[in-house]
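Only one structure is covered here, and it is reproduced in the block below.
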Amino acid sequence: MKNMKKKMIKKHYSKEFKEQAVELAKDIGISEAALKLDVNKQSLSSWYRYAKKIEEDSEFQEIEKLRAENKRLKKELDVEKRSVAILQDATRFFCLNQEK
């Protein structure tokens, strides 16, 4: 018999889904909510603990807001850098064609 490993597929859930799952877990419990939503119990437990920490710790909440803003700004900066690079390439192209 061959040694066959079951390949784990990592699922990605939206922020809204996680928030709704946590609310359901608060109402009916983590185990029951995980079964109902077909979500890994450990994942739901992690989301639940995270939500509880956010609710209870205002400093942690502020840090998470800053992390989210930082992530957004990094994406924005990346878009702007790509735009500048495209404009620089276009400028070079038109400058070279004008000289001919």
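Read-outs: derived from the displayed coordinates by stated rules, not from any lab. As the structure is a computational prediction, the values presented were derived from the model and not from experiment. Note: ideal-geometry Cβ built from the backbone for every residue, glycine included; neighbour counts use all protein chains shown.
Restricting to Cα pairs below 8 Å that are 6+ residues apart, what does the relative contact order work out to for the chain? Please round to a whole percent. Please report the intermediate quantities before stating the final value.
Values: 29 pairs, mean separation 14.3, N = 100.
The normalised contact order for the chain reaches 14 percent.
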Residue-count net charge about Leu66 - beta-carbon cut-off 13 Å; Lys, Arg +1, Asp, Glu -1:
+1
Any idea what the dipole of region 34-100 comes to, in debye rounded to 20, about its Cα centre with Lys/Arg Cβ at +1 and Asp/Glu Cβ at -1?
280 debye
Computed from these coordinates, which is Rg and Dmax of the Cα atoms in Å: (1) 18.0, 61; (2) 12.4, 38; (3) 23.5, 75?
(3)
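In nm, what is the difference between 0.36 nm times the number of residues separating Glu64 and His12 and their Cα-Cα distance? Before the final figure, lay out the partial values.
Details: separation 52, 0.36 × 52 = 18.72 nm, distance 1.94 nm.
Computed gain between Glu64 and His12 is 16.8 nm.
Determine the calculated [θ] at 222 nm for the chain from helices alone, applying -39500 (n - 2.57) to every DSSP H run no shorter than 4 residues and normalising by the residue count; nearest 500 deg cm²/dmol.
Working: 4 runs with 80 residues, N = 100.
So the helix-based figure for the chain works out to -27500 deg cm²/dmol.
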Let me see the P(r) profile for region 58-100: every Cα-Cα distance counted, bins of 5 Å, each bin given as a percent of all pairs.
5, 21, 12, 12, 11, 8, 9, 6, 6, 4, 3, 2, 0
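At a 10 Å Cβ-Cβ cut-off, how would you order Phe17, Phe93, fewest neighbours first?
Values: Phe17 13, Phe93 10.
By the 10 Å Cβ count, ascending, the order reads Phe93, Phe17.
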